[in-house]
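*Asks:* For reference, the structure I am asking about is given below.
The values are calculated or read from the model by the stated rules, or taken from the named source; none is laboratory data. Since we're looking at a predicted model, the values are computed, not measured. Cβ coordinates were reconstructed from backbone atoms using ideal geometry, including for glycine residues, and neighbour counts include every protein chain displayed. Quick note on the areas: whole protein, heavy atoms, side chains included, nothing else; ligands and nucleic acids left out. Shrake-Rupley method; radii C 1.70, N 1.55, O 1.52, S 1.80 Å.
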Amino acid sequence: GQLFEGGIRVPFAVQWKGRIPAGKTYTEPVISLDILPTAVAASGGAAPRGLDGVNLLPYLTGEKAGAPHASLFWRYGPSLALRRGKWTQL
């Protein structure tokens, strides 16, 4: 619930034997909003249009390269934060 290092930059672990390579480290920023579209895609469904999250499976399996987001934004009460490229905080 904070916009500093311990509130935004936290570890995220994923395991799917036979689909996601074991021991892989993905270093591009992702956000909790990506969990729903990723879980729906993993179950074979189609996520509803208009979601802010991105299906991470193509990035985690190596089908897509690069970052799933050009920028990430957070708001917590009156505080705002933006991450674009290198770590940036407002």
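*Asks:* Size of the dipole of the chain about the Cα centre, Lys and Arg at +1 and Asp and Glu at -1 on the beta carbon, nothing else charged, in debye to 20?
*Replies:* 80
*Asks:* Using Cα springs under 10 Å in a Gaussian network model of the chain, which residue among L56, L33, L80 shows the largest mean-square fluctuation?
*Replies:* Judging by the Gaussian network model, the answer is L80.
*Asks:* Mean-square fluctuation check for the chain, GNM, Cα pairs under 10 Å: which of P78, P68, P37 is largest?
*Replies:* P78
*Asks:* According to the Cα gyration tensor, what semi-axes, each the square root of 5 times an eigenvalue, does the equivalent ellipsoid of the chain have, listed from largest to smallest in whole Å? Don't skip to the answer; put the middle values down first.
*Replies:* On the way: eigenvalues 121, 50, 28 Å².
Ellipsoid semi-axes (Å, largest first): 25, 16, 12.
*Asks:* With springs only between Cα atoms under 10 Å apart, run a GNM on the chain and tell me which of V54, V40, V14 wobbles the most.
*Replies:* V14
*Asks:* Measure off, as a whole percent, the carbon and sulfur share of the 1.4 Å-probe accessible area of the chain, all protein chains present. Don't skip to the end; give the middle numbers.
*Replies:* Details: 3630 of 6620 Å².
Carbon-and-sulfur percentage of accessible area, whole number: 55.
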